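The values are calculated or read from the model by the stated rules, or taken from the named source; none is laboratory data. As the structure is a computational prediction, the values presented were derived from the model and not from experiment. All Cβ positions, glycine included, derive from the backbone under ideal geometry; neighbour counts span all protein chains shown.
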Amino acid sequence: MNVLAVDDSRTIRNMVTLALTQAGITSQVAEDGVHGLEVLSQMAPDAIITDINMPRMDGFEFIQEVRKQDAYQGIPILVLTTESAQDMKLRARQAGATGWIVKPFDPAKLVGALRMVTGG
Amino acid sequence: MTHDPTDASNSDLELLAFRVGEQEYSVDIMKVREIRGWSPATSLPHAPDYVRGVINLRGAVLPIVDLSARLGMDPIEATSRNVIIVMQLETQTLGVLVDAVSDILTLQKSDIQPPPELANGKASSFISGLTIVEDRMIRVIDLAGVLPETGQAAA
Amino acid sequence: MDPMAEIKASFFVECSELLESLEEGLLQVQGGDTDPETVNAVFRAVHSIKGGAGAFGLDDLVHFAHRFETVLDEVRSDRLAIDADAVLLFLKSADSLSDLVAAARDETPVDEAKNTVVIAELETLMPGGGDTNETSNDADQELNFAPMTLSLDLPAIGSQVDADIGEVTDEAAATTPVWTIRFTTEKGLNQSGNEPLFLMRALAELGPVTAICDTADLPSLKVLDPSQTNLHWDLTLSADTSQTDIEEVFEFAQGLCTLAITKNTSDQSTPDTADIEALPDLPDLPALPDLPAPSVDDQAPAQPATENTPHEAPKPPAPTPTKAAPVAATVRVDLERIDRLVNLVGELVINQAMLSQSLSAQNLTSNTTISTGLDEFQQLTRDIQDSVMAIRAQPVKPLFQRMSRIVREAAHDTHKKVRLVLEGEATEIDKTVIERLADPLTHMIRNAVDHGLETPEKREQSDKDPEGTIHLRATHRSGRVVIEIQDNGAGINRERVLSIAQSKGLVPTDAVLSDAEIDNLLFMPGFSTATEISNLSGRGVGMDVVKRAIQSLGGRISIQSTPGHGSTFSISLPLTLAVLDGMVIEVSEQTMVVPLSSIVETLTLADAEIQTLDQGTQVVHIRGKFVPLLDLAVEFGYRAPNVIPEDAVVLFISAEDGEPYALVVDTIHEQRQVVIKGLADSYGYVPGVAAATILGDGKIALILDPVDLIARAGSPDTPTALSMAG
């Protein structure tokens, strides 16, 4: 499995990468939505993990942009967020998110959720 | 920690022998990094008389000790025939000015005797052992004793 | 280091960056910036700190960041308007957050009382503020949102939920419970990237599952739009599990499906179970490739609108939006490696100089090919040197930003109103210089607030804005960086400075000093103008220490002050510590280098008037002033005293106390940059010598330490130095 992880926090990027690497999942990272789209144009991930609060382009807009692309209409996108509030989930859902994971995250749960949404 | 040549074990020991005045000295060859001809040193103000100064060793600053002066004898009148033995002591590198390199000796450690206790001359504190090779008495130098005393370390 | 420890270390590095941007953003807001993105960036900084801190269980930090973030969230959502006081509170909160980060990093205790006060102040900003009980409960709940687990706090969706969890224990001993789940997909499920088959597979991990697709409601195939169609699935699960666990499986599909979960009575026999892989049975539809229903043979389920499955081979996506800008790539490198490179480049510079020198000594430079090649080599070497130095260079911005906190705290302590204006923050300077500049700069900024600026009342009396201003600016000036601390306060009270210096015996009571000389008294050891010990002074640090610190960086410091209008302290610094601007001199056939930064003026001795005082002390009479004379050759023991050569040169050196000394040398050769080679490591401390360098001829030249030299030459505060002739 190959995953694109988008988060403006270097710490979270590192932790996601570590969790995925330990589960044998390859990943690439991006620092915000704009960067995420850029990286996406050069890779073909099986799933995307994204933060919401990011400079330049936030997670909602990023998901919408991804969903606009034919190749990624059905790609699983997990939102990684510290906000467990209902309206955040609704907004993420409206933007096209597949699911969400609340930070701080348990690496096993992250990987489990990834495997679930990718059927892998 | 300096190497103790009086160690009872009988392993081989290679020594670089050199002349200072009329006397012959030696040092563990493992401590020798290179031997180079004399080139004038930049003198250091307020340094002890046996410190000849510093030279440029491929971009590094190398302090030079005149071994003759260090042993309490007359300073060496350095010419291009004199040599500098570049030695490594743990982290420190030191150039030792001697008259000439004389020999490379392979000995057993048991061939080296400790210096006699009665010697109270200045030289004794720099000598860690003695050996006789072909009727020549060769002193083994204790490098740590040769290091210049600079009072304060870094300013 | 284990990976988590490494990530934790990098978290703290990231924190300091985030704290910088937090403060920067707040200062912009304070300065009237109303761009919503600025507030967003402020929010994000706190948010990111909280996110990372949570991952490492740094509860104090999470707790505070959460409260701070909550208020900022109100601001960025336009639910809370802020005034200048609120911004000040935010800055204070940022300081507390910074302390908490430091405490977490260094594993030191935190000042809980102080943070509690700040939190309480933050709470008052919140709508319905003051009701701390409720807010704190909320917050605690938020904090206890079962860290390290998936969020499960969505309400159960589905109308036929029959919560019957209580019976699980009773039945556990008997037979495996059987659950019936009516799962109806709704439009949007596919668009969300959720796949019914995967959900069922996940369900099958709880226990054996049978799945039957109810096709009764399906429209005719002609109008079937997979993404719009509701499919009914009747799932049977045999598992000793809870309704919550089942709901958890469908968590991501919530809102996009209806779920009806029923726990069957225990005596009901377990239906024929089959692994989900063996089902479902879709008698009428298996031949249709586009059907959204899961089909067992297809490893990859069909997706609407594309034949490619997303997790196997997506088509290259459409071009990215035009606003995508390239992100600068960065590499993190050990400082040690850079220093090694800096050293090697230093060698290259010396080598190039040696080559040029020997070629010109043999008159080979008249050959145009050689001289052109040499010029290019020289240019290239310079370029490499500049580029390498640039790696070590960093903008002064983080350092400057730290000063705004110093100003805030100092202003608070002295009850003054102060505005700090930063200029030229992008100016770059060597990393080590920046690090070693922090303490002196902090001290000078404190001084500017404490001693430089007046109280608001006094300022008003003088028709000045009650709010004082301190400008902190950095500029590049002829190969050096100049940092200025300028206040618009009362200026140096020279009368008072002089009388203090006299009362402390630093200058003779009858001495008549110029304004500049009086100003320089501030740098004398033991001088302090504070009549009463305030919070800020009394730390045992004077301007003399500041001056020494600056000089140890190869820098110079000077003062300009106008009564009633304020003072400016200027620090001039070299761009790097590895290279020094020096004056190559000769004394008793020894070539040496004097740091240019310490030379005030040079004169040939013929122009200067030497007079011998008692005890053989010699002074130079210059412009009506007697300056003590120091013969370098004598100081270094190369020559007997009082035999100064006819054509000797005098370098006027500024001593530690700001007093000039005249250093006699034989000849001045040239002014050039030299690469600094430490002597301390290879040899040890040499009095009056700072370091060594290698000159173009390959020989080592010593670099003088004039301050040390003068300090060793005898008591520096001889009254002679200050006696005036008129």
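Within segment C:332-343, residues that are part of a helix (DSSP H, G or I) sit with their Cβ atoms under 7 Å from residues that are of a type outside the set (A, V, I, L, M, F, W, C), at 6+ positions apart or across chains, in these pairs: C:Ile338/C:Arg392; C:Val342/C:Arg392.
Scanning segment C:388-420 for residues that are at pLDDT 85 or above, more than 23 Å from C:Gly25 (Cα to Cα) and out of contact with any Gly (no Cβ under 9 Å at 6 or more places or on another chain) turns up C:Asp413, C:Thr414, C:His415. Evaluating C:Pro208 against the criteria (1) at pLDDT 75 or above; (2) within 14 Å of chain A (Cβ to nearest Cβ); (3) on the phi < 0 side of the Ramachandran plot leaves one unmet condition, (2).
Within segment C:641-659, not a single residue is surrounded by 23 or more Cβ atoms within 10 Å (Cβ to Cβ) and within 14 Å of chain B (Cβ to nearest Cβ). Just one of (1) within 13 Å of another protein chain (Cβ to nearest Cβ); (2) in contact (Cβ under 8 Å) with a residue 40 or more places away in the chain; (3) not β-branched (Val, Ile, Thr) fails for C:Leu19. It is (1).
Residue-by-condition table, conditions (1) modelled with pLDDT of 85 or more; (2) crowded, with 18+ Cβ neighbours inside 10 Å; (3) at the interface with chain B (Cβ under 7 Å from one of its Cβ atoms); (4) outside any loop (DSSP other than H, G, I, E, B):
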| residue | (1), (2), (3), (4) |
| --- | --- |
| C:Ser682 | no, yes, yes, no |
| C:Tyr685 | no, no, yes, no |
| C:Asp697 | no, no, no, no |
| C:Ile703 | yes, yes, no, yes |
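Tell me, please, whether a residue that is of a type in the set (Gly, Ala, Ser) and either out of contact with any strand residue (DSSP E or B) (no Cβ under 9 Å at 6 or more places or on another chain) or not in a strand (DSSP E or B) (or both) can be found in segment C:669-680. Yes, because at least one residue in segment C:669-680 is of a type in the set (Gly, Ala, Ser) and either out of contact with any strand residue (DSSP E or B) (no Cβ under 9 Å at 6 or more places or on another chain) or not in a strand (DSSP E or B) (or both).
For segment A:49-67, the set of residues classified as among the β-branched types (Val, Ile, Thr) and within 9 Å of chain C (Cβ to nearest Cβ) consists of A:Val66 only. The residue of segment A:75-93 that is farthest from A:Ile48 (Cα to Cα), among those that are more than 9 Å from chain C (Cβ to nearest Cβ) and part of a helix (DSSP H, G or I), is A:Asp87. Among what's in segment C:421-449 and is modelled with pLDDT of 90 or more and not in a helix (DSSP H, G or I), pick the residue that is nearest to C:Gly489 (Cα to Cα). Ranking the candidates gives C:Val421 first.
Scanning segment C:353-367 for residues that are more than 50 Å from the chain's Cα centre (by Cα) and either surrounded by 13 or more Cβ atoms within 10 Å (Cβ to Cβ) or assigned to a helix (DSSP H, G or I) (or both) yields C:Leu364, C:Ser366.
Filtering segment B:79-92 for residues that are facing chain C (nearest Cβ under 8 Å) and buried (at least 19 other Cβ atoms within 10 Å of the Cβ) leaves an empty set.
Could you tell me whether any residue of segment A:47-66 is touching a Lys or Arg at 6+ places or on another chain (Cβ under 8 Å) and either in a strand (DSSP E or B) or small (Gly, Ala, Ser) (or both)? No, that holds for no residue. Whether a residue is crowded, with 19+ Cβ neighbours inside 10 Å, more than 14 Å from every other protein chain (Cβ to nearest Cβ), in a strand (DSSP E or B) and in contact (Cβ under 8 Å) with a residue 24 or more places away in the chain was assessed, and B:Leu16 passes this test. Spot the failing condition for B:Pro48; the list is (1) more than 14 Å from chain C (Cβ to nearest Cβ); (2) surrounded by fewer than 15 Cβ atoms within 10 Å (Cβ to Cβ), and only one is missed. Tallying (1) more than 14 Å from chain C (Cβ to nearest Cβ); (2) surrounded by fewer than 15 Cβ atoms within 10 Å (Cβ to Cβ), B:Pro48 fails exactly one: (1). When only residues in segment A:5-37 that are out of contact with any strand residue (DSSP E or B) (no Cβ under 8 Å at 6 or more places or on another chain) and more than 12 Å from every other protein chain (Cβ to nearest Cβ) count, which is nearest to A:Val111 (Cα to Cα)? This residue is A:Ala23. When the strands (runs of 3 or more DSSP E) confined to segment B:45-138 are screened for residues that are in contact with a helix residue (DSSP H, G or I) (Cβ under 8 Å, 6 or more places away or on another chain), those reaching at least 1 such residues are found at B:60-66, B:83-89, B:92-98, B:100-108, B:127-133.
Only one of these is closer than 24 Å to C:Val13 by Cβ and either crowded, with 19+ Cβ neighbours inside 10 Å or among the aliphatic types (A, V, I, L, M) (or both): A:Gly36, A:Gly74. Name it.
A:Gly36
The conditions of being over 14 Å from the mean Cα position of the chain (by Cα) and either closer than 26 Å to B:Ser43 by Cα or at pLDDT 85 or above (or both) are not met by B:Leu118. C:Lys8 meets all of the listed conditions (1) away from chain A (no Cβ under 12 Å); (2) in a helix (DSSP H, G or I) but one, namely (1). Scanning segment C:71-101 for residues that are farther than 19 Å from C:Ser404 by Cβ and either crowded, with 20+ Cβ neighbours inside 10 Å or touching a helix residue (DSSP H, G or I) at 6+ places or on another chain (Cβ under 7 Å) (or both) returns C:Val71, C:Asp73, C:Val75, C:Arg76, C:Leu80.
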